[in-house]
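The structure appears right after this line, and notes come after that.
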Amino acid sequence: MAIESFTKLDVWKKSHQLTLDIYKVTRNFPRDEKYRLGDQLRRSASSIPANIAEGKGRNTIKEYIHFLYQGRGSLEETKYHLILSKDLGYIDNDIFNKLADDSNRIGRMLNGLINSLQEKVKNDD
């Protein structure tokens, strides 16, 4: 049975939660960073579930895979922004570790979905 809505995908749910968590964390950034690094972090994080959603709505599996790769790129950007935020002292180690663990899990989930879809494309050819 095919999943009808992107909101039913575990990888979307997990990446959406990561985005919500990042929005909460960035509220505490220094005032001069809220619209710099904080905004960059929010945008890269929200791009992950947005790309999953957009890809799910595309006409072909190949297009879907393309948007999953875009989401994976946004995930890597988010990981860097988290490292920078930690190194600048804007988030503590415990919060960083939780967000980094969540990010790594999302990466594994995205890779699994991409591999599964690529296998389907290969079998359909």
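Residue-wise test of (1) among the polar types (S, T, N, Q); (2) under 19 Å from His16 (Cβ atoms).
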residue: Asp39; (1), (2): no, yes
residue: Ala50; (1), (2): no, yes
residue: Ile61; (1), (2): no, no
residue: His66; (1), (2): no, no
residue: Gly71; (1), (2): no, yes
residue: Thr78; (1), (2): yes, yes
residue: His81; (1), (2): no, yes
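For region 85-97, filtering for residues that are out of contact with any Phe, Trp or Tyr (no Cβ under 7 Å at 6 or more places or on another chain) and either modelled with pLDDT under 95 or surrounded by 14 or more Cβ atoms within 10 Å (Cβ to Cβ) (or both) leaves 4.
The values are calculated or read from the model by the stated rules, or taken from the named source; none is laboratory data. What you see is a predicted model, and the numbers here were worked out from it, not measured in a lab. Cβ: placed from backbone, ideal geometry, glycine included. Neighbour counts: every protein chain shown.
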